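Asker: Pasting a structure here, questions to come.
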Amino acid sequence: MKKIEAIIRPEAFQALRQRLDDEGIGGLTVSEVAGCGQQQGQEGIFRGSKFEIKLYPKVKVELVVDNDQADTIIDIILSTCSTDQVGDGKIFVSSIEEVYRIRTGEQGRTALI
Ligand SMILES: Nc1ncnc2c1ncn2[C@@H]1O[C@H](COP(=O)(O)OP(=O)(O)OP(=O)(O)O)[C@@H](O)[C@H]1O
Ligand SMILES: [Mg+2]
């Protein structure tokens, strides 16, 4: 199983939610976060002056999915959330060792869906 953690522009979220819904992806966690990337919140350096680091509001979407669904979901995020401008966000992918559904005690892949 994989955890896909996408940090995206807040305005991209509704379209992403729709595409994931179309794909039959149910479980996800969404948080409002703030952050900065490699530009440290700056659009550019003005005549070499160093500006204060700004934090921009972003949405973090976390999905834990079966290995064979991961590439499809990553493709959806890439195609839905890209504007080609800096600040589009990042996708982090990691391995998940175990999942439990609290209600039933089910464990592993059957607890995912
Ligand atoms: N290395 C990182 N670790 C954790 N969070 C990050 C990292 N890089 C970016 N983020 C998060 O992603 C958000 C968007 O980052 P951003 O798209 O600006 O990344 P970037 O690497 O600067 O890419 P770009 O050059 O396209 O702007 C940030 O506000 C921050 O919340
Ligand atoms: Mg950036």
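Asker: Relative to the longest principal axis of the chain, what angle (0 to 90°, nearest 10) does the C-alpha long axis of helix 67-81 take?
Answerer: Between helix and principal axis, roughly 30 degrees.
Asker: Grab the DSSP H runs of the chain that are 4 residues or longer, score each as -39,500 (n - 2.57), total them, divide by all residues and round the 222 nm result to the nearest 500 deg cm²/dmol.
Answerer: Dividing the helical sum by the residues of the chain leaves -7000 deg cm²/dmol.
Asker: A further question on this structure: Using a 1.4 Å probe on the protein heavy atoms only, what accessible surface does PHE92 show? Give it in Å² to the nearest 10.
Answerer: The accessible area of PHE92 comes to roughly 100 Å².
Asker: Using a 1.4 angstrom probe on heavy atoms only, work out the carbon and sulfur share of the accessible area of the range 2-111 in %.
Answerer: Looking at the range 2-111 in its full context, I get 49 percent from C and S.
The values are calculated or read from the model by the stated rules, or taken from the named source; none is laboratory data. Not measured: the values here are computed from a predicted model. What goes into the accessible areas is simple: the full protein's heavy atoms, side chains included, and nothing from ligands, DNA or RNA. Shrake-Rupley method; radii C 1.70, N 1.55, O 1.52, S 1.80 Å.
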